[in-house]
Amino acid sequence: MTEETPTRVDMEKIVSLCRRRGFIFPSSEIYGGLSSCWDYGPLGVELKRNVKEAWWRAMVQERDDMVGLDTSILMHPQTWAASGHLEGFADPLVECKDCHLRWRSDELEGDRCPSCGGELTEPRMFNLMFKTFMGPVEDEASVVYLRPETAQGMFVNFQNVLNTTRKRLPFGIAQIGKSFRNEITTGNFIFRSREFEQMEIEFFVKPGTDSEWFNYWLEQRLNWYVKLGIKRENLRLREHGKEELSHYSRRTVDINYLFPMGWSELEGVANRGDFDLVQHAKYSGKSLEYFDDETKEHFLPYIIEPSAGVDRSVLAVLCDAYDEEADKEEIRVLLHLHPSLAPFKVAVLPLSRRENLVKFAKEIYADLRQCWVVSYDDAQSIGRRYRRQDEIGTPFCVTIDFQSLEDKQVTIRERDSMNQIRVPRAELQKTLEAKLEGERFDTQPLWTTKG
Ligand code: ATP
């Protein structure tokens, strides 16, 4: 977390934009907020859905060797005994004897309180799982946990998937869902929260082919971020040393992003070997072996796990897209969001609120909404409206002016270049479709200005 580059954006700017424009609010804000829990607002929920959809499409729907699941957050408590979470999912907690702030001792540089310099207590291991009770009686027998990862839901369903889908190795199971961790230190906005969403893959392979598949998935996952528009130079791989490997892992490489606070984990790719299937077979008493029809062997597959955070991906996307440009006396704030992620793909802007103009604009709005999430804005000057759309990353604005009523042509204005082209109303949808798919904006413009 130490490297500096001049392009790194301030976290305050991201937080402020998110709040101002309705991407992300503190949870239960009217009560003063709840520490490290966040609510996604009207634009945030669209952005987050788009991130998840991009992942689901690329990782599940476009592949032959992957199926999806949506498993329960509450699981049989034995799951967590088998997985090692009950015993090992803990961080060393220290408390300052003076100001009583709590810290993770493995994250501290010295042996004093970073806030007041006070003396710290001896570390004690603090389990990160949230506990609750199932049913009306609150006793030890009814304790259940909010899952701290989505992975276990996929391991315990391995045989169900095998039996119902007839998938053969190598194949994967994918899931997106909420996870909960009672983190000791939180902060950095949505980077580390106590309730968050994960996008995880458990990819089952024949032992001996695991190293190859590990490299394959690392590359796939890195490319996925780049395809979504994240700059390659802001992504880095970090190999875990032997001493820091989790108990289940044979190899782990983190995909790190240059967040405002420095290089930090966006996703972890782990080779979990057969640890999970061995454990669940042992604790459940069920065989989780795979039968290879060709070699007639029974064995436990190895698992490669690319595990990504939805919220950290959203934060990385926002940080990477954020830009400020000098624009006359003002600063133009814009999000260079990939069109597939932008909350609105198109904004329809009638130049004035004159009745016949509004009627024409509303017709266009209704048509375009059949295809995309579209915004309609008729408040204030056109310049201001363009800026509002730039700030939330809308790739294209369609402007309807008085000339449009006569020649049935409208203006499309592109966010990044601010170039404008004029197209016949009848061609509008087709043109936007091509531009949203990445066709160059400056191909044969009828006329081009800045605005
Ligand atoms: P860290 O070292 O930052 O605590 P981790 O190594 O414990 O993360 P994993 O258990 O590998 O994280 O979880 C997989 C992914 O889930 C992470 O790469 C991250 O994107 C996401 N994630 C984990 N914990 C949190 C959290 N508290 N808030 C938001 N996202 C999280």
- Positions within segment 351-399 being farther than 19 Å from Q420 by Cα, within 26 Å of the chain's Cα centre (by Cα) and in a helix (DSSP H, G or I), in sequence order: R369
- Can you spot a residue in segment 360-368 that is more than 26 Å from A54 (Cα to Cα), open to solvent by 50 Å² or more (accessible area, probe 1.4 Å) and at pLDDT 95 or above? yes
- Message: Of everything in segment 105-134, what is at pLDDT below 90, charged (D, E, K, R) and under 33 Å from the mean Cα position of the chain (by Cα)? Give them in sequence order.
- Response: D106, E107, E109, R124
- Item | Matching option when the condition is surrounded by fewer than 14 Cβ atoms within 10 Å (Cβ to Cβ) and either of a type in the set (G, A, S) or at pLDDT below 95 (or both), among G68, G32, G44 | G32
- Note on the structure: Taking segment 165-178 and keeping only residues that are within 16 Å of the ligand (Cβ to nearest atom) and surrounded by fewer than 20 Cβ atoms within 10 Å (Cβ to Cβ), one is left with G177, K178
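Name the single residue, out of those in segment 263-277 being out of contact with any helix residue (DSSP H, G or I) (no Cβ under 8 Å at 6 or more places or on another chain) and within 12 Å of the ligand (Cβ to nearest atom), that is most open to solvent (accessible area, probe 1.4 Å).
Step one: list which residues in segment 263-277 are out of contact with any helix residue (DSSP H, G or I) (no Cβ under 8 Å at 6 or more places or on another chain), which gives 263, 268, 270, 272, 274-275.
Now narrow it down to the ones that are within 12 Å of the ligand (Cβ to nearest atom): 263, 268, 270, 272.
Numbers: W263: 27, G268: 11, A270: 5, R272: 4 Å².
Among those that are out of contact with any helix residue (DSSP H, G or I) (no Cβ under 8 Å at 6 or more places or on another chain) and within 12 Å of the ligand (Cβ to nearest atom), it is W263.
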- Task: Considering only residues that are polar (S, T, N, Q) and open to solvent by 10 Å² or more (accessible area, probe 1.4 Å), look in segment 135-164 and name the one that is modelled with the lowest pLDDT.
- Result: S142
- Message: Yes or no: segment 310-317 includes at least one residue that is open to solvent by less than 50 Å² (accessible area, probe 1.4 Å) and either more than 16 Å from the ligand (Cβ to nearest atom) or over 20 Å from F191 (Cβ atoms) (or both).
- Response: no
- Query: Applying the selection to segment 211-229, what residues are away from the ligand (no atom under 14 Å from the Cβ) and out of contact with any strand residue (DSSP E or B) (no Cβ under 6 Å at 6 or more places or on another chain)?
  - Reply: S211, E212, N215, Y216, E219, Q220, N223, V226, K227, L228, G229
- Flagged in segment 369-396 as under 19 Å from R49 (Cβ atoms) and of a type in the set (S, T, Y), in numbering order, are S375, T394
- Message: Kindly evaluate E233 against the criterion of being open to solvent by less than 20 Å² (accessible area, probe 1.4 Å), among the acidic types (D, E) and either more than 14 Å from the chain's Cα centre (by Cα) or within 16 Å of the ligand (Cβ to nearest atom) (or both).
- Response: no
- Single condition F203 does not satisfy, out of (1) in a helix (DSSP H, G or I); (2) at pLDDT 95 or above: (1)
- Log entry, pairs with first residue in segment 44-61 being without any contact (Cβ under 8 Å) to a residue 60 or more places away in the chain, second being of a type in the set (F, W, Y) and outside any helix (DSSP H, G or I), beta carbons closer than 7 Å, six or more apart or on different chains, reads none
- Query: Mind checking which pairs have a first residue in segment 301-322 that is within 14 Å of L228 (Cα to Cα) and a second that is among the acidic types (D, E), Cβ under 6 Å, 6 or more apart or different chains?
  - Reply: V310/E197
- Query: Can you find a residue in segment 237-254 that is hydroxyl-bearing (S, T, Y), touching a helix residue (DSSP H, G or I) at 6+ places or on another chain (Cβ under 8 Å) and in contact (Cβ under 8 Å) with a residue 60 or more places away in the chain?
  - Reply: yes
- Note on the structure: Filter segment 241-262 for residues that are over 26 Å from F299 (Cβ atoms) and within 13 Å of the ligand (Cβ to nearest atom); the one that is surrounded by the fewest Cβ atoms within 10 Å (Cβ to Cβ) is E244
- Task: Give the residues of segment 420-434 that are in contact (Cβ under 8 Å) with a residue 60 or more places away in the chain and open to solvent by less than 20 Å² (accessible area, probe 1.4 Å), sorted by residue number.
- Result: L428, L432
- Message: I'd like to check something: does segment 278-293 contain any residue that is on the phi < 0 side of the Ramachandran plot, open to solvent by 10 Å² or more (accessible area, probe 1.4 Å) and of a type in the set (V, I, T)?
- Response: yes
- Residues satisfying the stated conditions in segment 83-134, i.e. surrounded by 15 or more Cβ atoms within 10 Å (Cβ to Cβ) and in contact with a Gly (Cβ under 8 Å, 6 or more places away or on another chain): C96
- Among residues of segment 179-202, those that are of a type outside the set (D, E), open to solvent by 10 Å² or more (accessible area, probe 1.4 Å), touching a helix residue (DSSP H, G or I) at 6+ places or on another chain (Cβ under 6 Å) and more than 7 Å from the ligand (Cβ to nearest atom), counted: 1
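The values are calculated or read from the model by the stated rules, or taken from the named source; none is laboratory data. All figures in this text were calculated on a predicted structure; none of them were measured in a lab. Quick reminder, even Gly has a Cβ in these numbers, built from the backbone with ideal geometry, and neighbours come from all protein chains shown. Ligands, DNA and RNA are stripped out before the accessible areas are found, and what is left, the full protein with its side chains, is counted by its heavy atoms. Shrake-Rupley method; radii C 1.70, N 1.55, O 1.52, S 1.80 Å.
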